[in-house]
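The values are calculated or read from the model by the stated rules, or taken from the named source; none is laboratory data. Bear in mind that the values here come from a model prediction, so they are computed numbers and not experimental data. Here the Cβ is made from the backbone with ideal geometry for all residues, glycine too, and neighbour counts use every protein chain on show.
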Amino acid sequence: MCGIVGGIAERNISEILIEGLKRLEYRGYDSAGLALIDHHHVVRERQVGKVANLVEAVTSRHLHGNLGIAHTRWATHGKPTQNNAHPHASGEVAVVHNGIIENYQELKQELQQLGYVFSSETDTEVVAHLVNHALKSTPDLLTAVQTIVPRLKGAYALGIIWAQQPDELIAVREGSPLVVGVGIGEHFISSDQLALLPVTNRFIYLEEGDIVRLKRNSIEIFVNTVLTHRPVKELDATVMSSSKGEYKHFMLKEIFEQPEAVQQTIAQALDAEHLKAGFLEKADGAFDTIQQIQIIACGTSYHAGMVAKYWFEQIIGLPCQVEIASEYRYRHPVIVANTLYLCISQSGETADSLAALRDVQRHAKQQHKTIFTMAICNVATSSMVRETDFHLLTLAGPEIGVASTKAFTTQLAALMLLVLKVGEIKNSIAADLKQSVIQALWHTPKVLNETLKNDAEILRLSELFVEKQHCLFLGRGTHFPIALEGALKLKEISYIHAEGYAAGELKHGPLALVDNDMPVVILAPKDEMLDKLKSNMEEVQARGGELFVFADEHSDIHAKDRQHVVHIPAVSEWLAPIIYSIPVQLLSYHVAVLRGTDVDQPRNLAKSVTVE
Ligand code: AGP
């Protein structure tokens, strides 16, 4: 998704901006650009493709300046071309923008009537012209921006510079993430703090509606033209580590980080045999009152929610619904009092999930209904964490690969902790079941490590997928969502068409797809559904399908003709979904590498989807 970096310093800012853009590459983009103020003029360079192309152009033009803005663009309005790349300019004003200006057509017509000529198909260019036009009535960039912002409809973050005021950068946050990086005698902005880690670990997290004026020695934040204060927060070292180390890809590194990430996530909540006394203590009263849970999420996080539905209902008897945020937000759902609305998100900035959360909060208030909101999230400073009543952090550390891996398994661990906590408060979990789940949770990192030892075997199997066009993933119960997750992983990074199905649903349609050329991946933990699953496997084999089975070591499933088996260490059925995520991640990773795709930044995708 689009990325913004900007800054003002005594030193040349262009290298800092470019390093920032490189650190945003993981988010997905198709063009990049920067604008600097040099000798009271805007100088701009924009290139289609990788940041490396921009670097080449900036270096050959020897561009430098002390004030600048830069951008990676993920096309929404208009193709990925040089003209559509940011920054956009009007006169001596330059603008970078994330998000969408919904009323840009109407504004564009108005500006065209005033004589402004558009050189791009983007919605962003209207902002540059609007600011330029406002500067005809005021000599001050901040005032000009404050005048035009109320006219912009949509969700956006902006960075704006003007050659006539070469000592200040104006930034706006309205529905799209933006942080200020605080330096000494230099300050920065970015849509993602990772971009600024080489220059600072001190950040101000802007709130919706904030307009900021950065000068070398000052940071002023305005809400409706009134100066306000926002705290500066310091990041710790774990958040700051984001290198690939010995691994070929971030995704592989993140897959192998899962034992540690899960360990960290559970250790915040558990001591040897119990939930820690202070764990989610603030929510005790709310958990006592709730009658049901509504989970809202997208993509992989939605799959984690699907697993949790089984857990909430089976382990503590609490009704739980799960819905994709982009559907939930538009179907005018009934708000039910005493519901815990639980948003799950790696980034905490996903536009659809945030919009659904805000709608729920607004409607509950209008209807005078008591509800509670909670986030399970990997980013402590995210909008979602800040806007919910309670939160539980997944302590996975930064996840850079677009394909979510350690965020998913830590979400599952966090969800199980939440099940235990709500069950304890409501007194709805049997003591021996609670004990065995806690023991299983502590055991999970060890089993994850053992499961990762199957990597070489899974690599061998992946060679059989390289030429395939389609693939089915099957599971039952809590492993139906893992089948969906396996299919999502394979399609997003290897570009092979894949579907996940509940194995019992096979004969209701998808069985027609099965032939000699159709690999079928089966998730076969040892649980009460195993015998039913074995029958589903027979159905596939009878139609010539080739099976790739990840099976419990005691499942009595063995390799035979057109049936490949990788044995997975025995694990408690409650935590098995965490363990069975590993083989589907590794399979997808190896298939993608063998097919030569861009594993960490797959085509057309973005790490954090901050537009609708
Ligand atoms: C999964 O591999 C994807 N990157 C995607 O489905 C992701 O899970 C989804 O966009 C939701 O993101 P979030 O967890 O940051 O809200």
Taking the condition closer than 30 Å to residue 178 by Cα, away from the ligand (no atom under 16 Å from the Cβ) and modelled with pLDDT under 95, does residue 268 pass? yes
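Looking at residue 478, is it more than 17 Å from residue 535 (Cα to Cα), within 25 Å of the chain's Cα centre (by Cα) and of a type in the set (Val, Ile, Thr)? Give the derivation first.
Numbers: more than 17 Å from residue 535 (Cα to Cα): yes; within 25 Å of the chain's Cα centre (by Cα): yes; of a type in the set (Val, Ile, Thr): yes.
Yes.
From 177, 139, 150, which residue is of a type outside the set (Ser, Thr, Tyr) and either outside the structural domain of residue 229 (by TED's automatic domain parsing) or in a helix (DSSP H, G or I) (or both)?
Among 177, 139, 150, only 150 is of a type outside the set (Ser, Thr, Tyr) and either outside the structural domain of residue 229 (by TED's automatic domain parsing) or in a helix (DSSP H, G or I) (or both).
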Which residues, counting only those in the range 300-328, are within 16 Å of the ligand (Cβ to nearest atom), acidic (Asp, Glu) and in a helix (DSSP H, G or I)? 327
If the Cβ limit is 6 Å and pairs must be 6+ apart or interchain, which residue in the range 301-326 that is assigned by TED's automatic domain parsing to the domain that holds residue 415 pairs with which residue that is among the aromatic types (Phe, Trp, Tyr) and within 10 Å of the ligand (Cβ to nearest atom)? 304/408; 324/302
Answer residue from the range 361-377, given it is away from the ligand (no atom under 16 Å from the Cβ) and touching a residue at least 24 places away in the same chain (Cβ under 8 Å) and is surrounded by the most Cβ atoms within 10 Å (Cβ to Cβ) among those: 371
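Residues checked against (1) hydroxyl-bearing (Ser, Thr, Tyr); (2) away from the ligand (no atom under 13 Å from the Cβ); (3) in the same structural domain as residue 564 (by TED's automatic domain parsing):
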position: 384; (1), (2), (3): no, no, no
position: 395; (1), (2), (3): no, yes, no
position: 405; (1), (2), (3): yes, no, no
position: 410; (1), (2), (3): yes, no, no
position: 414; (1), (2), (3): no, no, no
position: 438; (1), (2), (3): no, yes, no
position: 445; (1), (2), (3): no, yes, no
position: 461; (1), (2), (3): no, yes, yes
Scan the range 343-354 and report the pairs whose first residue is under 13 Å from residue 388 (Cα atoms) and near the ligand (Cβ under 6 Å from one of its atoms) and whose second residue is part of a loop (DSSP other than H, G, I, E, B) and of a type outside the set (Asp, Glu), with Cβ atoms within less than 6 Å and a gap of 6+ or a chain change. 353/298
From the set of residues in the range 586-603 that are part of a loop (DSSP other than H, G, I, E, B) and within 12 Å of the ligand (Cβ to nearest atom), which is farthest from residue 352 (Cα to Cα)? 599
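With respect to residue 181, determine if the residue is on the phi > 0 side of the Ramachandran plot and buried (at least 19 other Cβ atoms within 10 Å of the Cβ).
So residue 181 does not fit the description; no.
Which one is farthest from residue 152 (Cα to Cα) among residues in the range 52-91 that are surrounded by fewer than 17 Cβ atoms within 10 Å (Cβ to Cβ) and touching a helix residue (DSSP H, G or I) at 6+ places or on another chain (Cβ under 8 Å)? Lay out the reasoning, then the answer.
In the first step, residues of the range 52-91 are kept if they are surrounded by fewer than 17 Cβ atoms within 10 Å (Cβ to Cβ); the result is 52-53, 56-57, 59-62, 64, 76-83.
If we keep only those that are touching a helix residue (DSSP H, G or I) at 6+ places or on another chain (Cβ under 8 Å) as well, we get 64, 77.
Working: 64: 31, 77: 16 Å.
So, considering only residues that are surrounded by fewer than 17 Cβ atoms within 10 Å (Cβ to Cβ) and touching a helix residue (DSSP H, G or I) at 6+ places or on another chain (Cβ under 8 Å), the one farthest from residue 152 (Cα to Cα) is 64.
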Report yes if some residue within the range 469-478 is part of a helix (DSSP H, G or I) and buried (at least 23 other Cβ atoms within 10 Å of the Cβ); otherwise report no. no
I'd like to check something: does the range 523-543 contain any residue that is of a type in the set (Ser, Thr, Tyr), closer than 30 Å to residue 194 by Cα and surrounded by fewer than 17 Cβ atoms within 10 Å (Cβ to Cβ)? no
Within the set of pairs 6+ apart or on separate chains, which have a first residue in the range 329-340 that is free of Cβ contacts under 8 Å to residues at least 60 places away in the same chain, a second that is basic (Lys, Arg) and assigned to a loop (DSSP other than H, G, I, E, B), and C-beta atoms under 9 Å apart? 335/369; 336/369; 337/369; 338/369; 339/369
Within the range 195-299, helices (runs of 4 or more DSSP H) holding 1 or more residues that are surrounded by 21 or more Cβ atoms within 10 Å (Cβ to Cβ) and acidic (Asp, Glu): 250-256
